Amino acid sequence: MPDSTDRLIERLAADAGPVRRLRPPSIRALRWLLAVAVVAAIAVFGFSNLDGFMNRSRDPKMVLELIGAALTGILAVVAAFHLSLPDRSPAWALLPLPPFALWLASSGYNCYRYWVTYGPDGWHLGESAECFRFIVLVSVPLGISLLFLLRRACPLNPVRVAFVGGLGVAGIAAFVLQFFHPFDITFMDLGAQLVAIGIVASAAALIESRAQRRASRAR
């Protein structure tokens, strides 16, 4: 048995090609985020109503909402890159939770204020379906590119990595949405956004789960 094991190791070592070491996870995350920022900036400056956004951004509650969404997306992406490595603690998954809580709290307060001001109109569907579609459609290309990069590290728990990454791309999409959102968020808008975020994160995790099962059957 030891001889056969030694021969197997020697054969594998002889046939193995050079392995290119991945860059540090924070650097990989930063490069992906910078590429997304460039594309988002082109879309915002080319197609959004910046005057309307600037008027709405005078509200400090909206600024908190923007900061929460942006940090949720950024920190979730950074956490996903770290979680993709086998020597990283699962506690990295908790990194985006504080800004996510800030995002929910500020959005919820804006929803409540809108409902107090406009009454039952705060519960109308209105443009909420457009918010839902925007987040889902923007998250699809972002999610595909992010999952491709995360898979290169061959994570031991790809489902968790994909879920955190899905939260990241959904948070970024929700942040970009604010530049195209011409009015204060309502309860229905917030609900639609949360559903979209849940769908994006869960879909990413489901895709990785099925890919893992197929790989296990192939072996």
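Quick note: the coordinates plus some simple rules give every number you see, no bench work behind them. Not measured: the values here are computed from a predicted model. Quick reminder, even Gly has a Cβ in these numbers, built from the backbone with ideal geometry, and neighbours come from all protein chains shown.
What to note about this one:
- Gain on full extension, evaluated as 0.36 nm per residue between PHE180 and ARG152 minus their Cα-Cα distance, stands at 6.7 nm.
- Under the combined filter of DSSP loop state and at most 13 neighbouring Cβ atoms within 10 Å, the stretch 56-100 retains these trypsin sites (Lys or Arg not before Pro): ARG58.
- When peptides 47-55, 157-165 are sorted by average Cβ neighbour count within 10 Å, with the highest value leading, the order is 157-165, 47-55.
- Counted residue by residue at 0.36 nm each, then reduced by the alpha carbon distance between them, the extension gain from ALA41 to ARG21 reaches 4.1 nm.
- Counting only Cβ charges, +1 for Lys and Arg and -1 for Asp and Glu, the dipole size of the stretch 32-103 around its Cα centre is about 60 debye.
- The label-point distance for LEU85 and VAL140, in a model that sets each label 7 Å from Cα toward Cβ, rounds to 3.4 nm.
- Overall Cα dimensions of the stretch 13-93 - principal axes, largest extent first, Å: 65, 31, 12
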